């Protein structure tokens with residue numbers, strides 16, 4: 001394996017870790033209805049964990065209402081159960097055909113709690129990025145130790161690796177700042 005391959009693989013892993021943080025942030029509600037709040041929920045559909053977005057259409061008729069219309073109405077109880085188990089803090093109601101989720105305005109305390117939650121998610125993302133960096137650095141150190149690359153190449157590779165990590169951490173920090181502003185100001 002070459003330095004270039006290690007850097008390429010590391011870039012792919014960092015991209016996935018960053019996308020994971022984006023997905024987690026999307027599930028945090030900001031007082032405004034959005035399909036991303038529920039579409040990633042796993043529903044026990046006939047014994048198989050299935051994403052809600054694969055079982056139903058999700059619409060937003062207004063800023064504080066989500067409507068979930070399952071293609072199979074027998075899935076409604078399982079969908080409601082998954083919504084109740086999630087950390088959304090929203091109680092579903094149904095009329096036998098559709099599930100309605102009324103998204104209330106967030107209290108100041110709840111906004112502050114959510115800000116702490118996203119800080120924790122962001123830190124977990126940073127830890128994932130640093131773990132990926134550590135693994136890649138160990139691979140480069142091993143190549144250098146086995147004399148498969150020169151010391152200069154190893155140090156250039158490690159330097160390039162650090163630039164990748166810095167880029168993704170900066171993007172994660174920017175994402176955190178924007179999401180925190182969105183939550184605290186109720187945008």
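The values are calculated or read from the model by the stated rules, or taken from the named source; none is laboratory data. None of the values given here were measured: they were computed from a predicted structure. Note that we place each Cβ from the backbone using ideal geometry, even for glycine, and neighbour counts take in every protein chain shown.
Does residue 132 qualify as being surrounded by 12 or more Cβ atoms within 10 Å (Cβ to Cβ), under 20 Å from the mean Cα position of the chain (by Cα), closer than 30 Å to residue 5 by Cα and modelled with pLDDT of 90 or more? The answer is yes for residue 132.
Applying the criterion of being outside any helix (DSSP H, G or I) and touching a helix residue (DSSP H, G or I) at 6+ places or on another chain (Cβ under 7 Å) to the residues of region 2-33, the residue that is surrounded by the most Cβ atoms within 10 Å (Cβ to Cβ) is 29.
Based on what the data block shows, is residue 183 in contact with a helix residue (DSSP H, G or I) (Cβ under 7 Å, 6 or more places away or on another chain), surrounded by 14 or more Cβ atoms within 10 Å (Cβ to Cβ), in contact (Cβ under 8 Å) with a residue 60 or more places away in the chain and assigned to a loop (DSSP other than H, G, I, E, B)? Here the answer is no, as residue 183 does not meet what is asked. Being in contact with a helix residue (DSSP H, G or I) (Cβ under 8 Å, 6 or more places away or on another chain), assigned by TED's automatic domain parsing to the domain that holds residue 181 and surrounded by fewer than 16 Cβ atoms within 10 Å (Cβ to Cβ) is the filter here, so list the residues in region 79-123 that pass it. Selection gives 112, 119. Of the residues 105, 162, the single one that is more than 22 Å from the chain's Cα centre (by Cα) and not in a helix (DSSP H, G or I) is 105. The condition (being within 30 Å of residue 77 (Cα to Cα) and modelled with pLDDT under 90) is satisfied by just one residue among 114, 184: 114. What is the one condition in (1) free of Cβ contacts under 8 Å to residues at least 60 places away in the same chain; (2) not in a helix (DSSP H, G or I) that residue 149 does not satisfy? In the conditions (1) free of Cβ contacts under 8 Å to residues at least 60 places away in the same chain; (2) not in a helix (DSSP H, G or I), residue 149 misses (1) alone.
Listed here are the residues, each with its yes/no results for (1) in contact (Cβ under 8 Å) with a residue 60 or more places away in the chain; (2) under 26 Å from residue 180 (Cβ atoms).
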{"residue": "42", "(1), (2)": "no, no"}
{"residue": "60", "(1), (2)": "no, yes"}
{"residue": "63", "(1), (2)": "no, yes"}
{"residue": "67", "(1), (2)": "no, no"}
{"residue": "79", "(1), (2)": "no, no"}
{"residue": "101", "(1), (2)": "yes, yes"}
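Could you tell me whether region 40-58 includes any residue that is outside the structural domain of residue 173 (by TED's automatic domain parsing), part of a loop (DSSP other than H, G, I, E, B), touching a strand residue (DSSP E or B) at 6+ places or on another chain (Cβ under 9 Å) and surrounded by 13 or more Cβ atoms within 10 Å (Cβ to Cβ)? Taking every residue of region 40-58 in turn, at least one turns out to be outside the structural domain of residue 173 (by TED's automatic domain parsing), part of a loop (DSSP other than H, G, I, E, B), touching a strand residue (DSSP E or B) at 6+ places or on another chain (Cβ under 9 Å) and surrounded by 13 or more Cβ atoms within 10 Å (Cβ to Cβ).
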